[in-house]
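The values are calculated or read from the model by the stated rules, or taken from the named source; none is laboratory data. Keep in mind that what you see is a predicted model, and the values were worked out from it rather than measured. When we count neighbours, we look across all protein chains shown, and the Cβ atoms used for this are built from the backbone with ideal geometry, even at glycine.
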Amino acid sequence: MAVYYSSLDSEEKKKLKSWKENTIQLMIATNAFGMGLNDKKVRLVIHYSFPLSIGNLVQETGRAGRNHNSAKCIIFYTRHDICTNYTIITQSRESITEDMNDSFEANKRKEYLAKACEKIFEVVHFCEEQYICREQMLAEYFAWNGDNLSPPCAHCDNCLCVQAELVHKVDVKTDAIKMVEVVEEIINKLRESGKLILPKDIIQVYCQLKCDNEELTSLNIYRETRKKIVRTKADTQHLLDWLIIRGMVKIMINLYRPNPNGNTLQTNIYIVGVIEGVTAIVMEKNWKMWLRHS
Ligand SMILES: [Zn+2]
């Protein structure tokens with residue numbers, strides 16, 4: 001086993017090149033080690049957090065299986081990594097402050113931060129999807145309009161799960177529309193009190209979960225009787241993420257310093273709205289989702 005990182009001295013780095021002669025079986029390294037690596041012996045890539053973008057994900061996981069034989073990639077992450085990645089992508093700078101609100105610089109920064117959110121959620125969504133073929137997801141991401149998608153690969157983890165017939169494909173368009181209504185109703189209600197909306201508020205109201213917040217439990221949409229196809233918290237979170245990465249529900253990640261004199265940065269994710277004409281846009285899209293048999 002060996003360890004590689006950028007500040008390692010050059011003599012040590014040279015010694016590590018012997019890994020190609022099979023003297024090193026396991027390399028623990030920062031991303032810099034893998035860049036451009038093209039060696040057929042690499043069989044497994046393990047990420048200790050999720051990649052910064054889908055482009056990075058392909059670049060990094062693509063180090064394994066260069067000879068087209070089966071290879072594995074495992075990504076360990078939690079939703080706390082959203083904070084880490086957002087901090088890296090935004091170069092550790094805090095989000096917009098009030099006094100920057102109208103300046104040209106602030107608008108440019110807002111755009112940049114929105115793009116950073118988008119990239120992070122694309123990767124989260126890729127990692128959390130359990131049933132759509134991984135190859136197809138990547139092909140779709142990089143496809144030009146009109147490109148035909150190849151059939152499922154039949155050997156990725158998601159394809160194996162589908163083959164085990166643990167799941168069935170269901171149209172969840174009505175649930176997607178309902179979730180948009182939930183977002184709109186919560187925003188209208190909480191706007192009066194100036195409160196910010198968290199993703200968990202949307203999930204609680206959509207799933208009609210027990211909740212102490214009277215502002216939420218008094219909503220008509222919380223109290224109504226309705227049939228849900230998407231029922232579990234995990235599937236509901238996934239559907240909300242899908243609406244976010246498709247740009248229909250807008251979010252803001254706020255990076256802030258809990259202690260003004262400290263270096264630690266934390267993030268809050270807020271739901272800030274929906275795009276104009278959202279229901280009609282949701283209606284046009286395909287919302288086929290794999291769900292576990294209940
Ligand atoms: Zn597959």
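Would you be able to tell me the number of residues in region 269-289 that are of a type in the set (Lys, Arg) and closer than 21 Å to residue 120 by Cα?
Number of matching residues: 0.
Residue check: is residue 122 within 12 Å of the ligand (Cβ to nearest atom), outside any loop (DSSP other than H, G, I, E, B) and closer than 23 Å to residue 49 by Cα?
For residue 122, the condition - within 12 Å of the ligand (Cβ to nearest atom), outside any loop (DSSP other than H, G, I, E, B) and closer than 23 Å to residue 49 by Cα - is not met.
Any residue in region 269-280 that is out of contact with any Asp or Glu (no Cβ under 8 Å at 6 or more places or on another chain), modelled with pLDDT under 90 and in a strand (DSSP E or B)?
Within region 269-280 (the criterion being out of contact with any Asp or Glu (no Cβ under 8 Å at 6 or more places or on another chain), modelled with pLDDT under 90 and in a strand (DSSP E or B)), the answer is yes, since at least one residue qualifies.
Look through region 69-89, keep the residues that are among the hydroxyl-bearing types (Ser, Thr, Tyr) and closer than 18 Å to residue 54 by Cβ, and return whichever of them is modelled with the highest pLDDT.
77
Look at residue 46 and say whether it is under 29 Å from residue 157 (Cβ atoms), of a type in the set (Val, Ile, Thr) and modelled with pLDDT of 85 or more.
Here the answer is yes, as residue 46 does meet what is asked.
Determine if region 51-64 includes at least one residue that is closer than 29 Å to residue 153 by Cα, in contact with a Ser or Thr (Cβ under 8 Å, 6 or more places away or on another chain), at pLDDT 90 or above and of a type in the set (A, V, I, L, M).
no
I'm checking my understanding of the structure. Among residues of region 11-48 that are assigned to a loop (DSSP other than H, G, I, E, B) and among the β-branched types (Val, Ile, Thr), which one is surrounded by the most Cβ atoms within 10 Å (Cβ to Cβ)?
42
Just for helices (runs of 4 or more DSSP H) wholly inside region 133-234: which have at least 2 residues that are more than 16 Å from the ligand (Cβ to nearest atom) and surrounded by fewer than 13 Cβ atoms within 10 Å (Cβ to Cβ)?
Once the helices (runs of 4 or more DSSP H) in region 133-234 are filtered for at least 2 residues that are more than 16 Å from the ligand (Cβ to nearest atom) and surrounded by fewer than 13 Cβ atoms within 10 Å (Cβ to Cβ), what remains is 173-193, 220-223.
Can you name the number of the only condition in (1) aliphatic (A, V, I, L, M); (2) surrounded by fewer than 17 Cβ atoms within 10 Å (Cβ to Cβ); (3) outside any helix (DSSP H, G or I) that residue 58 fails?
(3)
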